[in-house]
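Visitor: One structure is given below, represented as structure tokens, and several questions about it will come after.
The values are calculated or read from the model by the stated rules, or taken from the named source; none is laboratory data. Please read these numbers as outputs of a predicted model, since none were measured by experiment. All Cβ positions, even for glycine, are placed from backbone atoms using ideal geometry, and neighbour counts span all protein chains on display. Each accessible area value is taken on the protein alone, full model and side chains, heavy atoms only, with ligands, DNA and RNA left out. Shrake-Rupley method; radii C 1.70, N 1.55, O 1.52, S 1.80 Å.
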Amino acid sequence: MLKISTRGQYALLIMTDLAEAEDGMYIPLKTLSHRRNLSVKYLEQILIQLGKAGLVTGSRGTNGGYKLSKKPGEYTAGEVLRVMEGELSPRGTSENNHLESQGNDFFWNEFAENINTFVDSITLEELAQKNKAFVGYEYCI
């Protein structure tokens, strides 16, 4: 079963938050942590993994924090999810040959291709724009 972990989901949320930032601005770790109600330590683990993959850049100091390494339109949701989850496949790897057959293999390969085509068609820029469109609907009582 294909299931995206909470780490993968939060990575995509944080990357979208960074995509919404002004170009070139570093967002402090504490700000990102507060926005998503995540512990700094947990968020830092996610950002370290994203940094090792070259998706984000970190800076220490007064104006430090994290920012995207590229423009938001140059990232896809699939790229972010693969960094956190590995390959996105609805079927786990199996050494059991009795699970293989031409019909089933066709189905699972097409299923995987559709999943990957979809996640690779959505950019961080698109996700950030959709978030901005819904800002007016948020309110507190």
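Visitor: Return the pair list, or none, for Cβ contacts closer than 9 Å from residues in region 75-90 that are modelled with pLDDT of 95 or more to residues that are charged (D, E, K, R), at least 6 apart or on different chains.
Guide: Tyr75/Glu125; Thr76/Asp120; Ala77/Asp120; Ala77/Glu126; Gly78/Asp120; Glu79/Asp120; Val83/Lys52; Met84/Arg7
Visitor: For region 94-105, which residues satisfy the criterion of being outside any helix (DSSP H, G or I) and modelled with pLDDT under 60?
Guide: Across region 94-105, the qualifying residues are Ser94, Glu95, Asn96.
Every residue, every condition in (1) among the basic types (Lys, Arg); (2) open to solvent by less than 40 Å² (accessible area, probe 1.4 Å), yes or no:
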| site | (1), (2) |
| --- | --- |
| Lys41 | yes, no |
| Gly65 | no, yes |
| Ser69 | no, no |
| Ser89 | no, no |
| Asn116 | no, yes |
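Visitor: For the condition within 22 Å of Gly86 (Cβ to Cβ) and either in contact with a helix residue (DSSP H, G or I) (Cβ under 8 Å, 6 or more places away or on another chain) or among the basic types (Lys, Arg) (or both), what is the one hit in Ala19, Ala53?
Guide: Only one candidate qualifies: Ala53.
Visitor: Filter region 26-50 down to residues that are closer than 16 Å to Leu124 by Cα and either among the polar types (S, T, N, Q) or out of contact with any strand residue (DSSP E or B) (no Cβ under 6 Å at 6 or more places or on another chain) (or both), then give me how many there are.
Guide: 0
Visitor: Follow-up question, since we're still on this one. One residue is enough: does region 36-44 have a residue meeting the conditions touching a Pro at 6+ places or on another chain (Cβ under 7 Å) and in a helix (DSSP H, G or I)? If you could, list the steps in order and put the result at the bottom.
Guide: Filtering region 36-44 for residues touching a Pro at 6+ places or on another chain (Cβ under 7 Å) gives none.
Among the residues of region 36-44, not one is touching a Pro at 6+ places or on another chain (Cβ under 7 Å) and in a helix (DSSP H, G or I), which makes the answer no.
Visitor: I'd like to verify a number: residues in region 65-80 that are acidic (Asp, Glu) and touching a Pro at 6+ places or on another chain (Cβ under 9 Å), how many?
Guide: Looking only at region 65-80, we keep the residues that are acidic (Asp, Glu), and these are 74, 79.
Applying the additional criterion that residues be touching a Pro at 6+ places or on another chain (Cβ under 9 Å) yields none.
Summing the residues that are acidic (Asp, Glu) and touching a Pro at 6+ places or on another chain (Cβ under 9 Å) in region 65-80 gives 0.
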